[in-house]
1. For the range 204-246, what does the equivalent ellipsoid look like in terms of its semi-axes, each the square root of 5 times an eigenvalue of the Cα gyration tensor, given largest first in whole Å?
2. Considering the dipole of the range 1-121 built from charges on the beta carbon (Lys and Arg +1, Asp and Glu -1) around the Cα centre, which of I10, G45, P24 is farthest to its positive end?
3. Give a residue-ordered list of calculated ³J(HN,Hα) values for the range 317-328 (Karplus: 6.51 cos²θ - 1.76 cosθ + 1.60, θ = phi - 60°; whole Hz; x for Gly, Pro).
4. Of all the Cα-Cα pairs you can form in the range 278-416, what percent are over 22 Å apart?
5. Residue farthest toward the positive end of the dipole of the chain, with Cβ of Lys/Arg at +1 and Asp/Glu at -1: which of G296, G306, F36?
6. Once you wrap a convex hull around the alpha carbon atoms of the chain, what is its projected area averaged over all directions, in nm²?
7. Which FRET efficiency value, to the nearest 0.05, is calculated for A387 and A12 with the Förster distance at 45 angstrom and r the Cβ-Cβ distance?
8. Measure up K317/K340; K281/K327; K80/K340 against 31 Å on the Cα-Cα distance and list the ones that go over.
Amino acid sequence: MDLLITLLIIVAKVIGLTFMVVLPLVPISVYFERRFSAIIQDRVGPNRVGVPLTLLGAKKDFSFFGLIQPMADGVKLFLKEDFTPSHVRKAFYWLAPALTVVPSLITVCVVPFGSDIVINGHTEKLVIANLDVGPLFVFAISSLAVYGITLAGWSSNSKFPFIGGVRATAQMISYEIALGLSVVPVLLHYGDLNLSRIVEAQAARGWLLLPAWNEHGNIFTQAYWQDPGVLQQWLFWVPAMIAFVIFTTSVFAETNRMPFDLPECETELVGGYHTEYSSMKFAMFFMGEYAAMVIGSSLVVTLFLGGWSLGFGLDAKISELAIGTFKYGGLIHMAVFMAKVVAFILFFILVRWTVPRFRYDQLMRLGWVIFFEAALINVFLAAMVQAQFGAAATIIGLVLLAVVTGALVWALKVSEKKPKPISI
């Protein structure tokens with residue numbers, strides 16, 4: 001009986017957190033993108049699709065601010081002709097879309113959506129799989145998405161999709177290294193690979209990028225500054241911010257979002273790796289990109305911005321909120337987490353519509369020449385701060401690392417071959 005209840009709880013988590021929380025965010029993100037871009041470009045955006053009440057005799061249709069547009073897009077893609085070109089390698093052509101969208105959904109299982117909830121004395125975590133290797137699991141599974149993109153380009157037997165697949169492979173390999181190295185300082189700081197415990201530590205002692213409270217009080221109280229680890233916590237803010245910038249930019253590259261959308265660059269490659277796809281196969285690539293954006297935002301929020309934590313000592317009080325034997329504080333924390341994720345998705349959209357696309361040589365140079373070295377040096381800086389050598393030693397180490405970094409960048413710049421001018 002206990003085994004059956006456990007299985008039912010797992011199924012409820014999978015259906016609830018994946019298919020009722022993450023998947024609905026995909027069409028909502030598309031709606032946000034259209035509205036956001038319309039505001040930036042001084043347009044109206046989606047506002048026509050709605051319930052046609054005029055067919056029933058009403059004077060006006062119910063448009064609902066265009067929120068029904070994502071549903072119309074889904075119906076349109078589902079009903080479009082599913083055309084398979086005769087020249088493609090059919091088995092791999094059909095497999096590629098699934099290999100793109102599935103890894104993004106699997107990585108949801110280790111993301112903590114909220115604190116524990118208690119039902120009739122039974123404590124349940126708002127995470128599908130509370131693994132002790134959370135970040136490693138995410139990197140291992142999310143890296144499989146490149147196989148779907150590569151297969152899509154190769155199996156299409158067409159020039160432009162193939163170039164898009166090759167670009168995607170090179171881009172993901174380049175930025176996965178920086179992505180993995182940028183997380184190492186976070187893991188050094190918390191000494192844990194469990195994402196739930198990392199968020200709990202941030203709830204107790206301040207977010208990684210906002211260490212404004214601890215067990216003794218907040219930044220405005222004297223007890224806060226009497227904590228012996230507060231200096232080391234603020235010194236660690238420097239490598240944490242560097243890691244945040246590298247991790248966030250690498251997530252942009254991993255999800256093929258502007259300004260790193262070279263694998264599907266329409267000005268050069270028509271549509272890139274999914275040029276030969278239509279109907280729901282194309283929709284699955286579309287879903288995969290936006291689902292990866294949602295998961296990337298979730299990871300940034302979890303590692304650097306406190307996850308479900310509201311902060312300033314309020315989380316313990318929220319966790320104790322109850323109606324009878326039902327402690328529902330975890331649901332409030334889940335709402336906080338979703339609000340942070342939506343805010344970061346809006347940041348994704350803002351960057352897309354404000355930053356121009358990189359050239360491919362600029363993209364590769366940023367990944368290999370700048371981010372790789374910066375992330376590696378940041379690991380040494382984080383280890384130095386974490387070892388608590390003292391403020392003076394840490395500042396000296398920071399200066400030395402800055403000098404070494406500058407010398408390395410200068411050496412790379414000098415050694416770079418400059419194109420010779422063409423004489424006419």
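1. 21, 10, 7
2. The listed residue farthest towards the positive side: G45.
3. For the range 317-328, the Karplus curve yields 5, 5, 5, 8, 5, 8, 10, x, 8, 9, 8, 9 Hz.
4. 66
5. Among G296, G306, F36, the one farthest towards the positive end of the dipole of the chain is F36.
6. On the way: hull surface 117.8 nm².
Over all viewing directions, the chain projects a mean Cα-hull area of 29.4 nm².
7. That pair, A387 with A12, gives E of 0.50.
8. Where the Cα-Cα span goes over 31 Å, the pairs concerned are K281/K327; K80/K340.
Values in this text are rule-based calculations from the coordinates and carry no lab data. Owing to the predicted nature of the structure, the values given are computational and were not obtained by experimental measurement. Glycine also receives a Cβ, built like all others from the backbone with ideal geometry; neighbour counts cover every protein chain displayed.
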